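Before any comments, here is the structure.
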Amino acid sequence: MTNTHCDLYFDGTLMAGTDPALVRQQLAALFKLDAAGVERLFSGQPVLVRADADAATAAKFELAFARIGAVLQLMPIAAVVEETPTPVAPAVTEKAVDRANPRFIDAPEVLTVLPQEGFIEQEAVVNMSALDTSYLSLVTETNWSLEDCQIPITPAPIADLSHLSLAAIDSTTPKRKDSEEL
C-alpha cells in the first residue's frame, strides 16, 4: 500500500477570531517551548514542525494545531510503500474543533517536534575537559581473559609492634585533676 508522507510547517498563521497570546501560550505548553522557541515559531517564516510524517501523525498534528487556533501547512513528499495497511485518521473538520472550549479534547498525549538544525531550540553546549587515556593499553595477546585485566591487590604492611609492651595498672596511682568527675 502506498502512503503519502508530508512535512509539517507552521508560519504563524492563525484562524480568524483566535487570541494570539492564548495561541502562543498553548503552543508553548503543547511543545514545551520557552519564550524564544515560541517567537521562532511566529517569525513569519515557515518552520518545520515534523519531517516525514505519515497521514495519521499529520492528522493528529493538524487537529492539535486547529484546536489551538493555529493553521498547520502540510507539504506532501514522495509516496512511501508500506507492507501493512495503517488506518488513516480523518482530516480536520470544523466539527472536530471545539470553538467554545479550545482545550485539547481527544488530543494526543505527547507530540514531538523535530528540531531543524537547532532552529526551534538551540542545542545545549557541553563543556567537557579532555580525558586522559594515556594510562590505558590494549591487550595484544589472543588468549586472554578478564582476570588478566584485574589490578593486583598489594596487602597492607603489618605494623611491627614488637617494641611495645603492656604494663599493669597501679591502683595506688593518684588520679589526675583533669579526669575527675564534675
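At-a-glance table
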| item | result |
| --- | --- |
| Residue under evaluation ARG50, criteria (1) at pLDDT 85 or above; (2) more than 28 Å from the chain's Cα centre (by Cα); (3) of a type in the set (Lys, Arg), criterion not met | (2) |
| Residue that is surrounded by the fewest Cβ atoms within 10 Å (Cβ to Cβ) [pool: residues in the range 6-30 that are among the polar types (S, T, N, Q) and outside any helix (DSSP H, G or I)] | THR13 |
| Residue check for LEU111: at pLDDT 60 or above and under 35 Å from the mean Cα position of the chain (by Cα) | yes |
| Selection count where residues are in contact with a helix residue (DSSP H, G or I) (Cβ under 9 Å, 6 or more places away or on another chain) and aliphatic (A, V, I, L, M), scope the range 136-160 | 1 |
| Members of the range 49-65 found to be assigned to a strand (DSSP E or B) and more than 20 Å from VAL38 (Cα to Cα), listed by number | ASP52, ALA53 |
| Contacts under 7 angstrom Cβ, first residue in the range 50-75 being closer than 15 Å to PHE31 by Cα and in contact (Cβ under 8 Å) with a residue 60 or more places away in the chain, partner of a type in the set (A, V, I, L, M, F, W, C) and part of a loop (DSSP other than H, G, I, E, B), 6 or more apart | ARG50/VAL113; ARG50/LEU114 |
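The values are calculated or read from the model by the stated rules, or taken from the named source; none is laboratory data. Small disclaimer: the values here were computed from a predicted structure and weren't measured. Positions of Cβ are generated from backbone atoms using ideal geometry, with glycine treated the same way; all protein chains shown enter the neighbour counts.
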